[in-house]
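Just so you know, all these numbers are worked out from the coordinates, no wet-lab data involved. The shown structure was predicted, so the numbers you read here are calculated from the model rather than taken from an experiment. Positions of Cβ are generated from backbone atoms using ideal geometry, with glycine treated the same way; all protein chains shown enter the neighbour counts.
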Amino acid sequence: MSNTADFGFTADTLEWKSWLPVLDVAQATPDQAKVLEESHPKAKTSDYYLLLVQEAEVLRQRSKLFNTIMYGPRGASRQDRELAASAESRMNGCPYCLSVHAQRYVQLKGDPALMDRLVKEGTGAEMDARSRAIVDFSVRLSETPAAATAEDIATLRGFGMKDEEILDVISSVAMFAWANRLMQTLGEPYRA
Amino acid sequence: MPDVLDELLGIAPGSHLDALRSLRPDVRNATQGSEDAIFNAPSGLTPAERHAVARQVALWNDSAALAAHHAPKAGDSPRLPVLLAHAEMLTLRPHEATPAAVAALTAAGLSPADVVMLSQLIAYVNYQTRMLHGLKLLEGGV
């Protein structure tokens with residue numbers, strides 16, 4: 001692969017393998033085992049978490065941040081957060097991230113046809129005006145932060161979004177600026 | 001508790017941004033927790049290398065305030081150019097990543113844990129620059 005997007009984009013379930021040696025879970029220290037448990041239900045069998053847990057405290061903080069940003073109560077709806085994450089993952093070219101979050105968006109009663117088009121055609125795919133505003137803002141903030149402007153915020157407010165909801169979209173984009181880069185540069189997706 | 005983002009943006013207690021951020025205290029806690037775990041914990045990467053990489057990633061994202069925050073502790077090392085080359089790809093062209101890019105880091109003497117730390121650091125600063133710019137856009141309120 002010369003480009004992480006060459007794998008192609010899909011909403012099917014994908015696996016991920018590390019390019020570096022991962023921790024043998026039998027050798028985990030008590031603290032590493034605890035961080036794995038805090039991070040994800042399947043972390044102990046996942047190359048991704050077994051790689052990252054080699055710096056356990058960094059993973060602990062990253063997982064806490066990820067969970068509060070993506071699953072915290074109130075604020076932006078969870079499908080809006082997943083839409084922002086999916087748009088950014090498509091734009092950055094992270095097939096694994098996109099497959100996971102496209103599925104979540106649909107499970108959360110997002111628009112399945114919209115997500116199907118976003119997966120296949122990219123962030124310019126046809127969508128309703130409110131989703132378009134979230135996707136455009138997310139793409140600009142992820143590409144080069146300064147490209148996102150006060151005009152984007154005004155547009156989102158025009159759709160009735162409160163500032164705490166917009167901040168949740170910003171946080172989701174920021175979190176996936178982090179998550180995409182780990183998934184894209186430490187290993188690669190494959191089909192089970 | 002205020003975190004590094006509050007500090008960099010000068011968010012005052014009781015301001016619009018303080019009120020918004022107070023709704024998700026764990027974002028503050030875990031952002032500061034990440035900052036401490038990435039820059040203050042022992043690692044095969046020296047503190048001077050970590051701050052030098054962070055400074056450069058902030059500059060590539062046009063975040064002068066964040067770059068200035070790292071500048072005083074940034075320092076050189078013989079392998080710093082290899083770390084910076086990786087940081088540039090990860091920041092600006094993450095889709096160009098290959099196993100060979102990771103192998104170049106291990107050839108420069110980085111252990112797998114060091115590569116994880118370097119990658120987390122670069123990705124974390126990319127997170128921070130989006131938070132900083134996004135928060136700034138919300139600063140004035142409606």
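Taking amide hydrogens as placed 1.01 Å from N in the peptide plane, the amide H of residue A:17 sits under 5 Å from those of A:188, A:190, each at least 5 positions away in sequence or on another chain.
Once you average over the residues of A:28-38, how many Cβ atoms of partner chains fall within 10 Å of each Cβ? Present the calculation step by step, with values, prior to reporting the outcome.
Details: counts 0, 0, 0, 0, 0, 0, 0, 0, 0, 0, 0.
For this peptide, the per-residue mean of nearby foreign Cβ atoms is 0.
Modelled spin labels at residue A:130 and residue A:40, positioned 7 Å past Cα toward Cβ, are 3.1 nm from each other.
For the segment A:147-155, counting C-beta atoms of other chains within 10 Å of every residue's C-beta and taking the mean gives 3.
In debye to the nearest 20, how big a dipole does the range B:4-138 give about its Cα centre with +1 on each Lys and Arg Cβ and -1 on each Asp and Glu Cβ? Could you put the intermediate results ahead of the total?
Values: 10 positive and 12 negative charges, 28 e Å.
For the range B:4-138, the charge dipole is close to 140 debye.
Extension gain, residue A:103 to residue A:31, is 22.8 nm, computed as 0.36 nm per intervening residue step minus the present C-alpha separation. Please list, in order, the residues from the range A:152-184 whose amide nitrogen is less than 17 Å from a point placed 7 Å along the Cα→Cβ vector of residue A:77. Only A:156-170 fall inside the zone, counting backbone N under 17 Å.
What does the convex hull of the Cα atoms come to per residue for the range A:118-182, in Å³? Walk me through the numbers on the way to the answer.
Working: hull volume 5.6 nm³, N = 65.
It is 86 Å³ per residue.
Largest GNM mean-square fluctuation across B:20, B:121, B:132, computed for chain B with C-alpha springs under 10 Å, falls on B:20.
Report the calculated FRET efficiency for residue B:111 and residue B:62 (r = Cβ-Cβ distance, R0 = 56 Å), to the nearest 0.05. Present the calculation step by step, with values, prior to reporting the outcome.
Values: r = 32 Å, r/R0 = 0.58.
Step by step, r from the Cβ atoms, then E = 0.95.
Shape annotation for chain B: C-alpha extents along the principal axes are 51, 30, 25 Å, from largest to smallest.
Per the helix-only calculation at 222 nm, which mean residue ellipticity applies to the protein assembly as shown, given -39500 (n - 2.57) for every DSSP H run of n ≥ 4 and division by its residues, nearest 500 deg cm²/dmol? Kindly include the intermediate steps, with their values, before the conclusion.
Working: 17 runs with 215 residues, N = 334.
Result for the protein assembly as shown: -20500 deg cm²/dmol, rounded to the nearest 500.
Working from label points 7 Å from Cα in the Cα-to-Cβ sense, the residue A:12 to residue A:192 distance is 1.3 nm. Build a GNM of chain A with springs between Cα atoms under 10 Å apart, and of A:176, A:159, A:137 the one that fluctuates most is A:159.
Could you list, in their original order, any pairs among A:34/A:162; A:44/A:120; A:34/B:73; B:73/B:136; A:44/B:136 whose Cα atoms are separated by more than 30 Å?
Working: A:34/A:162 37 Å; A:44/A:120 32 Å; A:34/B:73 32 Å; B:73/B:136 26 Å; A:44/B:136 39 Å.
Result: A:34/A:162; A:44/A:120; A:34/B:73; A:44/B:136 exceed 30 Å.
Database remark: amide H of residue A:123 closer than 5 angstrom to no amide H (H placed geometrically; neighbours at sequence offset of 5 or more, or on other chains; Pro and chain starts carry no H). What does the charge add up to near residue B:62, with Lys and Arg as +1, Asp and Glu as -1, over the other residues with Cβ less than 15 Å from its Cβ? Taking every other residue near residue B:62 into account, the sum is +2. When the alpha carbon coordinates of chain A are projected onto the principal axes, the ranges are 53, 34, 31 Å, largest first.
Take the convex hull of the alpha carbons in the range A:17-71; its mean projected area over all directions comes to 3.7 nm².
Using a Gaussian network model of chain A in which every pair of alpha carbons under 10 angstrom is joined by a spring, one finds that among A:119, A:22, A:173 the greatest mean-square fluctuation is at A:22.
Rounded to the nearest 20, the Cβ-based charge dipole of the range A:18-78 about its Cα centre (Lys and Arg +1, Asp and Glu -1) stands at 400 debye.
Taking every full run of DSSP H in chain B, the ones that stretch at least 27 Å from end to end by Cα along their long axis and average 0.0 or higher on the Kyte-Doolittle scale are B:112-138. Computed from the Kirkwood radius of its Cα pairs, the Stokes-Einstein diffusion coefficient for the range B:85-124 at 25 °C and 0.890 mPa s stands at 241 µm²/s. Please report the orientation-averaged projected area of the protein assembly as shown, defined via the convex hull of its C-alpha atoms, in nm². For the protein assembly as shown, the mean projected area of the Cα convex hull comes to 15.8 nm².
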